[in-house]
Amino acid sequence: MSQQDLTDINQDFYRLTPDQVLDAIESMGLEPEAALLPLNSYENRVYQFKDYNQKRFVVKFYRPNRWSDEQIKEEHEFSKQLADNEVPVVAPLEYQGQSLFKHSGFRFAVFESKGGRNPNMDDKDTLTWIGRFLGRIHLLGEAQSFNHRPLLTLQDFGFESVEYLQTHDFVPTHIKEAYQSVVSHILEKCDQVFSCYGQLETIRLHGDCHPSNIMWTDDGPHFVDFDDCRSGPSIQDFWMLVNDNSSRGQWDALIEGYEDFREFDDRQFKIVEPLRAMRMLHYSAWLARRWQDPSFQHNFPWFNTNRYWEEQVLSLKEQLAVLLHMPSASHQY
């Protein structure tokens, strides 16, 4: 896809007016009040609204050309399976047997609005509770496979991210050599680790399971935003919940709850640091791919500055040092 194509796609959201949002909501049989509250979402356009009975909903308009219809429907089906099995997730509403709708060229879905606060990730009981629900999510996740959603791979998150940044000249000239050197070593080391542990089971995952995607109430947690769900090793839904790998107490509490429902494969601890490195590379490429969207330039003004890339090189060097000092394959975590 050319840079001009990406620019056109990223500008598409600016054709989405409040009147179009309201018309889209009405097209599925709801009667919204005129007030729309934009919610914090960079990838999609998300609004909270009330109907005339004062019930709150959320409408999400998907970024054009990011996911296919089939991929979005698999996201919805996975969420619905979890909700039907009493796993606390926010699944999209159905209208006339459908959950994905189209209006004025935009694809959208509607959800019940469920509030909450960020969980206390330093509390053992909270972590154990979250671990139980992760176990239940993964128990259903392994019951069948995605046919259209992607697989979490080093090729996608690592090599292709670096290639995009380099071919589109995002890295400043004065540190290109340093950047190329450190990412080459990171990719090489990650490839070595995955070669040792490449036979780990892959299942359907939440995919982006960090504390902000878990809402906590007095009744416990509920999981939101399955927009990045994909197949991968189960530890992908763990490591972003833990402060760092030295936080053994957090790991123990999560896994204690998880193993009430599903066994945890300890070999996966060896791929946490490669997964962290991949996310660092992917995050920079994600910003770069969206950089022609004015909302990204407004919300991430520090991206694509010399300082950002200089700090990235330093952070990547630190991550490479962690990777190089990882225990050997025979060492237990």
For region 269-275, Karplus-derived ³J(HN,Hα) couplings (6.51, -1.76, 1.60; θ = phi - 60°; whole Hz; x for glycine and proline) come out as 4, 5, 9, 4, 5, x, 5
Given R₀ = 30 Å, what would the calculated FRET efficiency be for SER295 paired with ASN147, taking r from the Cβ atoms and rounding to 0.05? 0.40
Just to confirm a number: summing +1 for Lys and Arg and -1 for Asp and Glu over residues other than ASP260 whose beta-carbon lies under 11 angstrom from that of ASP260, what do you get? 0
If the elastic network links every pair of Cα atoms under 10 Å, which of GLY131, GLY115, GLY207 fluctuates the most in the Gaussian network model of the chain? GLY115
Of THR202, THR126, THR305, which has the largest mean-square fluctuation in a 10 Å C-alpha GNM of the chain? THR305
DSSP beta bridge pairing in the chain, given as percent antiparallel to the nearest 5: 95 percent
Per-residue HN-Hα couplings for region 177-182, Karplus 6.51 cos²θ - 1.76 cosθ + 1.60 at θ = phi - 60°, whole Hz, x for Gly and Pro? 5, 5, 5, 4, 5, 5
LEU16's amide H: which non-local residues (gap 5+, or another chain) put their own amide H closer than 5 Å, with H modeled 1.01 Å from N in plane and none for Pro or chain starts? none
Could you grab the relative contact order for the chain? Cα pairs under 8 Å, six or more apart, rounded to a whole percent. 20 percent
Reviewing [x] 1.04; [y] 1.00; [z] 1.68, the figure for Cα Rg over 2.2 N^0.38 Å actually calculated from this model sits under [x]
Suppose each label sits 7 Å from its Cα in the direction of the beta carbon; what would the ASP219-PHE261 distance come out to in nanometres? 1.6 nm
How many lysine pairs does the chain hold where the Cα atoms are under 17 Å apart and the two sit 8 or more places apart or on different chains? 12
Would you pull out the residues with amide H under 5 Å of ARG230's amide H, same chain only if 5 or more places away, H placed 1.01 Å from N? LEU205, GLY207
Vicinal HN-Hα couplings computed from phi for region 203-212 (Karplus, 6.51 cos²θ - 1.76 cosθ + 1.60; Hz; Gly/Pro x): 9, 6, 10, 4, x, 9, 8, 10, x, 6
With the chain treated as a Gaussian network of Cα nodes joined by springs under 10 Å, which of ASN243, ASN53, ASN306 yields the largest mean-square fluctuation? ASN53
So for R0 = 22 Å, FRET eff. of ALA83-SER27 from the Cβ-Cβ r, to 0.05, ends up at 0.40
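A short reminder: the numbers here are calculations on the coordinates, not readings from a lab. If you're wondering where the values come from, they're calculated on a predicted model, not measured in any experiment. Cβ coordinates were reconstructed from backbone atoms using ideal geometry, including for glycine residues, and neighbour counts include every protein chain displayed.
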